[in-house]
Amino acid sequence: MTKIEALSLSSSYVENVLKHTFLADLLQTAWRIDHTRKINVFDAEVDDSGFDLVVSSGHTFRHIQLKSTHSAGRARSISAHTALSSALGGCIVWLFYSAETLRIEHYRFFGEQSGGAMADISGLPKTKTVRRDIHGQRREREHHRKIKLSAFSPPLSIEQLYECLFGNEP
């Protein structure tokens, strides 16, 4: 079995490795930039409101949905819950990583800079379920929208992503 094939069989494991790597990178970056600035991290136990994490610093709160694709992957869009648009500082961080090492190579960002409200995505096309019903049809997911890669920022380093998330918050 190749590492690319193992990604789908171990998807929960890979997702957790990437989430913890992202958080470690973010916290280390905060330390390098300003070691007096504290970052608080809150983990969502259930992903039914469109976000995986809440991260705060000072007066800035970010409700973050994490998405990931390995660097050789062909994904050109993601699915996001419409509730994320109304979450305080809602945003999506798309992680692009090496399937060989699980190291994050770069990030892409969708949202407003420094904690601003994310644009309303309810007008975007609905996504469809992966599984087909008994009639062979894929149902539309009422509260999920397709966001194309082109709507995201260009590739970012962790320092650039940190700036998008928190800007110059004292």
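Rule-based calculations on the coordinates, nothing more; no lab input. Owing to the predicted nature of the structure, the values given are computational and were not obtained by experimental measurement. Using ideal geometry, Cβ is built from the backbone for each residue, glycine included, and neighbour counts are taken over all protein chains shown.
A few remarks follow.
- Length available on full extension from residue 138 to residue 35: 0.36 nm per residue minus the Cα-Cα distance, which gives 32.1 nm.
- This model, with +1 at the C-beta of Lys and Arg and -1 at the C-beta of Asp and Glu, gives the chain a dipole about its Cα centre of some 680 debye.
- Rotationally averaged projected area of region 65-117 (alpha carbon convex hull; nm²): 3.9 nm²
- Free of any GluC sites (Glu not before Pro) that DSSP assigns to a loop and that have at most 13 other C-beta atoms within 10 Å, the longest stretch within the chain is 101-170.
- Among 111, 136, 123, the largest mean-square fluctuation in a Gaussian network model of the chain, built with springs joining Cα atoms closer than 10 Å, belongs to 136.
- Contact order normalised by residue count of the chain, Cα under 8 Å, 6+ apart, percent: 21 percent
- Once percent of Cα pairs over 20 Å apart is calculated for the structure shown, the corresponding label among (1) 54; (2) 51; (3) 65 turns out to be (1).
- Over region 107-149: Kirkwood hydrodynamic radius from C-alpha pairwise inverse distances, Å: 12.5 Å
- Charging the Cβ of each Asp and Glu at -1 and of each Lys and Arg at +1, and nothing else, the dipole of region 32-105 about its Cα centre rounds to 340 debye.
- At an R0 of 25 angstrom, the distance between the Cβ atoms of residue 112 and residue 76 translates into a FRET efficiency of 0.65.
- The HN-Hα couplings worked out from phi for region 29-44 by the Karplus form 6.51 cos²θ - 1.76 cosθ + 1.60 (θ = phi - 60°) are 5, 4, 4, 5, 6, 7, 5, 8, 7, 9, 10, 9, 10, 10, 9, 6 Hz, whole numbers, x standing for Gly and Pro.
- 5 Å-binned pair-distance histogram of region 1-66 (Cα, whole percent): 4, 15, 21, 21, 15, 11, 8, 4, 1, 0
- Residue by residue, region 141-155 carries 3J(HN,Hα) couplings of 8, 3, 10, 10, 10, 8, 10, 6, 3, 5, 7, 8, 5, x, x Hz when phi is fed to the Karplus relation 6.51 cos²θ - 1.76 cosθ + 1.60 (θ = phi - 60°); x denotes Gly or Pro.
- From helices alone, the chain scores -7500 deg cm²/dmol at 222 nm; the rule is -39500 (n - 2.57) for each run of n ≥ 4 DSSP H residues, then divide by the residue total.
- Calculated FRET value between residue 157 and residue 129, using beta carbons and R₀ = 45 Å, to 0.05: 0.80
- Largest mean-square fluctuation among 106, 135, 81, in a Gaussian network model of the chain whose springs join Cα atoms under 10 Å apart, belongs to 135.
- The trypsin sites (Lys or Arg not before Pro) of region 19-93 meeting both criteria, a DSSP state outside H, G, I, E and B (loop) and at most 12 other C-beta atoms within 10 angstrom of the site's C-beta, are 38, 74, 76.
- Rounded if a/c under 1.5, otherwise prolate or oblate - region 15-109, Cα gyration tensor axes: oblate
- Taking the centroid of alpha carbons for each part, region 7-31 and region 108-170 are 18 Å apart.
- Residue-by-residue Karplus 3J(HN,Hα) for region 58-63, coefficients 6.51, -1.76, 1.60, Hz, glycine and proline x: x, 9, 9, 10, 10, 8
- Prolate/oblate/rounded call for region 84-170, Cα gyration tensor, a/c under 1.5 rounded: oblate
- Put a dot 7 Å past the Cα of residue 17, heading toward its Cβ, do the same for residue 47, and the two dots end up 1.7 nm apart.
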